[in-house]
Amino acid sequence: MSHVLIIGAGGVGGVVTHKCAQVPEVFSKITLASRTEEKCKRIAAQIDRPIDTARVDADNVEETVALLKKLKPDLVINVALPYQDLPLMDACLEAGIDYLDTANYEPPETAKFEYKWQWAYQDRFKDKKLMALLGSGFDPGVTNVFTAWIAKHELDEIHELDIIDANAGSHGQPFATNFNPEINIREVTAKGRFWENGAWKETDPLSVRQSFDFPQGIGPMNIYLMYHEELESIVRFFPTIKRARFWMTFSDNYLKHLEVLQNVGMTRIDPVMFEGREIIPLQFLKALLPDPASLGPLTKGKTCIGCVARGIKDGKDKTVYVYNICDHEECYREVQSQAISYTTGVPAMIGGMMMLTRKWRGEGVFNMEQFDPDPFMDALNKHGLPWNVTTL
Ligand code: NDP
């Protein structure tokens, strides 16, 4: 019986709240807090269990500590934005509460994600006998767990890893992002980066492309090499990996719009003067684009995210592919949200469940692949993200 405080009432926050509400034996009390309490109330009204709501500015450590001390939750699930990771970790340390998030810290002024800022909290969490679980979404999150599961059951050594994320769905809008536009566009327009023979190699944004034949009727799609944060922790915890890459699908239409927006400077994250005041072009663009939450009822089709791992089993070469397929419309029927938020929110709930039931427990700061993947993989099958494994 535990009290969970979910912070962030966006697309992912909605799914986490719905999914925690489906497991009352673990999450007996749920509070949803965000910068705009109205959004929390809207989500709470969709659920047939009482959900408490609160207003909090998670950038303000003092304000968050006061809320934590008042509510005394057992766990904070942070599904606000990556900028709030460090202030929320500080607040959890101060109030003595365990912490979980789905995306690693990014400084607002540079589009650069790295675990160093959050790994630096290791001793402080350990000294207070608290646990922080980092990156419990799908990618990062489930992709780390898939890798750990392959290392445990399928391969003696992983040598090459390709994480492949496909959104084969369509929302019918000329241009929109499936999750927070600012975070999404920062990620997509950053340089590509992959791990090869002990070093990071950089590529120009979206300059490396190949085709991948996705299973279960999705078929071939173009995939583009990008940098993604789970690569950093995976190559650290699985040192046999010689090459690790991350790939994502983009439609030609998405890329065409993105190129124009980039060319005219609308994706810039440095301040520019406009009519006597500073604005950040990407934040202005976010205000113009459709709210990702509004895409829920419009999106049709499927997502397919998984890991292709090549390595050695019993002295022989072997390649395995572990993946999940998720249907946008089914997600919307269940939790009033499309599959991108769903595939992030379900693992956030499961990570919370692993911590609160003590199946995953430790003192300090942890990445997902450091724990036994089996109970998490079982929970994925039970809570809406069933997975498949095939030998290629
Ligand atoms: P949204 O923009 O839809 O929602 C973010 C929410 O956080 C909003 O409700 C926003 O409030 C709230 N928020 C922002 N700043 C603050 C603050 N200072 N204090 C309190 N609340 C705040 O984003 P998503 O739901 O799409 O994404 C949530 C997180 O999930 C992001 O960190 C994203 O990177 C991560 N993610 C992870 C994935 C994975 O697979 N690991 C995949 C997709 C997303 P307001 O409405 O008032 O602005």
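The values are calculated or read from the model by the stated rules, or taken from the named source; none is laboratory data. Bear in mind the structure is a predicted one, so any value in this text is a computation, not a measurement. Note: ideal-geometry Cβ built from the backbone for every residue, glycine included; neighbour counts use all protein chains shown.
Counting only residues that are of a type in the set (Val, Ile, Thr) and within 15 Å of residue 306 (Cα to Cα), which one in the range 222-255 is surrounded by the fewest Cβ atoms within 10 Å (Cβ to Cβ)?
My answer is 249.
Given 102, 64, 36, which one is within 15 Å of the ligand (Cβ to nearest atom), modelled with pLDDT of 95 or more and under 20 Å from the mean Cα position of the chain (by Cα)?
On inspection, the qualifying residue turns out to be 102.
Among the residues of the range 270-287, what is the count of those that are without any contact (Cβ under 8 Å) to a residue 24 or more places away in the chain and not β-branched (Val, Ile, Thr)?
Number of matching residues: 10.
Restrict the check to the range 339-351 and report whether at least one residue is over 17 Å from the mean Cα position of the chain (by Cα), within 16 Å of the ligand (Cβ to nearest atom), at pLDDT 95 or above and buried (at least 17 other Cβ atoms within 10 Å of the Cβ).
For the range 339-351, residues over 17 Å from the mean Cα position of the chain (by Cα), within 16 Å of the ligand (Cβ to nearest atom), at pLDDT 95 or above and buried (at least 17 other Cβ atoms within 10 Å of the Cβ): absent.
Please count how many residues of the range 256-288 are within 16 Å of the ligand (Cβ to nearest atom) and either crowded, with 16+ Cβ neighbours inside 10 Å or of a type in the set (Asp, Glu) (or both).
5
Given the criteria closer than 17 Å to residue 364 by Cα, in contact with a Pro (Cβ under 9 Å, 6 or more places away or on another chain) and buried (at least 20 other Cβ atoms within 10 Å of the Cβ), does residue 97 qualify?
So residue 97 fits the description; yes.
Would you please name the residue that is farthest from the ligand (Cβ to nearest atom), looking only at residues in the range 152-177 that are surrounded by fewer than 21 Cβ atoms within 10 Å (Cβ to Cβ) and polar (S, T, N, Q)?
Among them, the one singled out is 170.
Can you give me the ranges of the helices (runs of 4 or more DSSP H) entirely in the range 213-328 with at least 1 residues that are closer than 30 Å to residue 366 by Cα?
Ranges flagged: 230-237.
Would you check if residue 115 is surrounded by 14 or more Cβ atoms within 10 Å (Cβ to Cβ) and either closer than 25 Å to residue 383 by Cβ or away from the ligand (no atom under 15 Å from the Cβ) (or both)?
no
Per-residue answers, yes or no, for (1) touching a strand residue (DSSP E or B) at 6+ places or on another chain (Cβ under 6 Å); (2) surrounded by 21 or more Cβ atoms within 10 Å (Cβ to Cβ):
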{"site": "91", "(1), (2)": "no, yes"}
{"site": "109", "(1), (2)": "no, no"}
{"site": "134", "(1), (2)": "yes, yes"}
{"site": "150", "(1), (2)": "yes, yes"}
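Which condition number does residue 143 fail, the rest of (1) within 16 Å of the ligand (Cβ to nearest atom); (2) assigned to a helix (DSSP H, G or I); (3) more than 18 Å from residue 340 (Cβ to Cβ) being met?
Among (1) within 16 Å of the ligand (Cβ to nearest atom); (2) assigned to a helix (DSSP H, G or I); (3) more than 18 Å from residue 340 (Cβ to Cβ), residue 143 violates only (3).
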